[in-house]
Amino acid sequence: MTIIQHTKDAAAPRRVLYELLLVMAISVLLPLLVPGTELIALLVPVVYLLIEGRLRHQPIVTLGFNWRGIPAALVATWPFILLVSVGIQVVVPLLGAALWPDLLTHILARLPQMPAGQTSILFLLLILSTLGEEVVYRGFFQQRLGLFTGTTIAILLSSLVFGFAHWSQGNLALVAVDVGLVVVDSMLYGLIFARSRNLYVAWLA
């Protein structure tokens, strides 16, 4: 059941859409206007979901948490998982290093850095932050937008928001290509989620 089905009054769908757009706007604009607030921007939708779940009795399972469906979802989406994990995460950086080294330098500069000897902490943070991103951008933004726009537009819009949330300082051409690659990356994750309806599979990818 969706949140719209859980809410009885006729104005509910419009109110849900307005709330969604407001949360999405905060997620995009906060990091752009106040650099260094990326984590806060990610937490705003999470807090919203927690409050909404309590007030509207929205089960967390509707976000796509489904342990039992993981094997079938992996079988259904493995080509896309391979594409995003090898094609994007390996091939693109290698091509970038060979064809446009400044782009790879820019991407590495915006990634979180930790002092030597603390890689386990960084790994844990990456695991938690990527789960948070999937909850927010796939389970919440994409799935909720899909109720109003359809799946294709929902994937595109949520991926654009995801891309601009990764905007960083630097040469405009480098930043634009970096954001564009993030958008393409996000669209593949969105496609994996749309086909599997399983948040864990998108996260594992």
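The values are calculated or read from the model by the stated rules, or taken from the named source; none is laboratory data. Owing to the predicted nature of the structure, the values given are computational and were not obtained by experimental measurement. In this analysis, Cβ positions are derived from the backbone assuming ideal geometry, glycine residues included, and neighbour counts consider all displayed protein chains. Heavy atoms of the whole protein, side chains included, go into the accessibility calculation; ligands, DNA and RNA do not. Shrake-Rupley method; radii C 1.70, N 1.55, O 1.52, S 1.80 Å.
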| message | Which residue, Pro93, Ala173, Leu74, has the largest displacement toward the positive end of the dipole of the chain when charges sit on each Cβ (Lys, Arg +1; Asp, Glu -1)? | response | Leu74
| Potential lengthening between Arg15 and Leu126 on full extension [0.36 nm per residue; Cα-Cα distance subtracted] | 36.6 nm
| field | Loop chymotrypsin sites (Phe, Trp or Tyr not before Pro), segment 64-165, which have at most 13 other Cβ atoms in a 10 Å radius of their Cβ (DSSP) | value | Trp67
| note | In nanometres, the difference between 0.36 nm per residue of separation and the alpha-carbon distance of Asp102 and Arg197 is 30.5 nm
| said: Let me check I've understood the local charge: for Arg197, count other residues with C-beta under 15 angstrom from its C-beta, Lys and Arg +1, Asp and Glu -1. What total comes out? | reply: +3
| field | Average accessible surface area per residue within the chain, 1.4 Å rolling probe, Å² | value | 56
| message | For Cα pairs less than 8 Å apart in space and 6+ apart in sequence, what is the mean separation divided by the residue count of segment 13-132, i.e. the relative contact order in percent? | response | 14
| query | So, with a 1.4 angstrom probe, what is the percent of accessible area on segment 49-175 that is carbon and sulfur? | reply | 74
| Relative to the compact globular guide of 2.2 N^0.38 Å, what is the alpha carbon radius of gyration of segment 38-196, as a ratio? | 1.11
| Relative contact order for the chain, counting Cα pairs under 8 Å that sit 6 or more residues apart, in percent | 30
| task | Using only Cα atoms, find the angle between the long axis of helix 151-164 and the longest principal axis of the chain, and express it within 0 to 90 degrees, rounded to the nearest 10. | result | 50
| query | Relative to the first principal axis of the alpha-carbon coordinates of the chain, what is the inclination of helix 70-82, with its axis defined by its Cα atoms, in degrees from 0 to 90 and to the nearest 10? | reply | 40
| What FRET efficiency, computed as 1/(1 + (r/R0)^6) with R0 = 30 Å and r the Cβ-Cβ distance, is obtained for Arg68 and Thr151, rounded to the nearest 0.05? | 0.85
| query | Can you list the HN-Hα couplings for segment 51-64, worked out from phi with the Karplus curve (6.51, -1.76, 1.60; θ = phi - 60°), rounded to whole Hz and with x for Gly and Pro? | reply | 5, 4, x, 6, 6, 10, 6, 8, x, 5, 5, 5, 6, x
| Acute angle (nearest 10 degrees) that the helix 12-33 long axis makes with the longest principal axis of the chain, alpha-carbon atoms | 20
